[in-house]
Amino acid sequence: MNEPSADASEMQTATFRLSGRDWTMSFSVTVPGGPATRRMMLPVLQQMTNQVVDTAVRTTEAEGKTVSCRKGCGACCRQLVPLSPTDARRVAELVEAMPEPRRTVIEARFAEARRRLDEAGLLEKLRHVADWVKGESRDIGMKYFRLGIPCPFLEEESCSIHPDRPIPCREYLVTSPAEECGRPTPETVHCVPLPMKVSQAVLALEGRSPDDRFLSWVPLTLAPEWAAEHPEGPPERTGPEWVRLILSELTRKPVTPAAQD
C-alpha cells in the first residue's frame with residue numbers, strides 16, 4: 001500500500017493490491033489523513049465491497065454460472081439482515097435525510113416491522129442479540145423470514161436505496177433459480193462465493209473480533225431506533241490507520257507502514 005506524505009488534515013489516497021489463487025484486485029481509496037470516525041470510512045468499505053463482489057461475479061461467470069439476482073426479485077429483502085453499527089447509523093441517516101412525505105412513509109414501514117416482530121414474539125429477542133446462544137441464529141433467522149416482513153426500503157420488489165444499500169446486501173448474490181429464494185435451504189440456494197467478506201472487516205471497525213459477531217450487529221429493521229440510542233463517539237484513528245486495520249482483517253495478516261511498497 002502506498003501512502004503519499006501530506007499534512008494530516010488533508011485527504012490521502014492509498015493504493016493497494018490483493019490477490020488469491022485465481023483472482024487479483026487493485027484499487028485506490030481516498031481517506032482523511034487525520035482523525036476519522038468509523039462512519040467516515042463507510043464509503044471506503046462500500047467501494048471495497050463492490051470490488052470484491054465484481055471479482056467474485058467474474059470468477060463465477062468464468063465457471064459457466066450466472067447470477068440470477070434481478071431487479072424485481074425481492075425475496076432476500078425479507079431476510080433478517082445483520083448490520084454493523086456503522087451500517088446501522090448510515091441507514092438511520094438515510095431516513096433522517098429524506099424529504100417529506102417520504103420520510104414519514106419509510107418511518108411508518110419501520111414501525112410496522114417492529115409491530116409485527118413484537119406480535120410474533122421476536123422483537124425483544126432481536127433487541128438483545130448479545131444474549132443469543134450458539135446455534136440460535138439460524139432458527140431465529142428462519143422465523144423472521146417466514147413472517148415475510150419486507151425491508152422498509154423495498155418498493156415494487158426492488159431496493160429503493162440501491163446505491164446506498166448496506167454492505168451485507170451488496171455481498172448477497174445467488175446463482176440458483178430465483179424462485180428458490182422464496183423457500184431457502186442450504187441445498188437449494190447457492191450463493192456466489194466471495195474471496196473475502198468486507199462485512200467481517202466492518203466488525204473490526206467496531207473494535208471486536210468477527211468471532212464476536214453477536215455482540216456487534218444490529219437487525220436492519222431496528223437500525224433507526226438503535227442508532228438513536230447509540231450515537232457515534234469521537235474519532236479513534238486516522239484514515240490511513242483505518243485502512244491498514246481493514247486490510248489486516250481482510251487478509252488475516254498484519255499490515256503496517258513498514259510493510260508497504
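At a glance:
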read-out	value
Share of pairwise Cα separations in the stretch 2-106, more than 25 Å, in percent	45 percent
Alpha carbon convex hull of the chain, projected area averaged over orientations, nm²	15.0 nm²
Out-of-range pairs (alpha-carbon distance over 32 Å; input LYS143/LYS253; LYS65/LYS134; LYS134/LYS197; LYS125/LYS197; LYS143/LYS197)	LYS143/LYS253; LYS65/LYS134
Bins of 5 Å from zero: percent of alpha-carbon pairs in the stretch 48-96	5, 15, 13, 19, 25, 14, 7, 3, 0
Sum of -39500 (n - 2.57) over DSSP H runs of 4+, divided by residues of the chain (222 nm, nearest 500)	-12000 deg cm²/dmol
GNM top mover of PRO99, PRO224, PRO240 - the chain, alpha-carbon springs below 10 Å	PRO99
Radius 10 Å from Cβ of VAL202, net charge of other residues (Lys, Arg +1; Asp, Glu -1)	-1
The stretch 155-204 - percent relative contact order, Cα under 8 Å, separation 6 or more	34 percent
Peptides 132-143, 167-178, 69-80 ordered by average Cβ neighbours within 10 Å, highest first	167-178, 69-80, 132-143
Length added when fully stretched, ARG17-ASP54, from 0.36 nm per residue minus Cα-Cα	11.8 nm
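Readers should treat all values here as calculations from the given coordinates under stated rules, not as data from a laboratory. In this text, all values refer to a predicted model and were calculated from it rather than measured experimentally. Ideal geometry is used to build each Cβ from the backbone, glycine not excepted, and the neighbour counts take in all protein chains shown.
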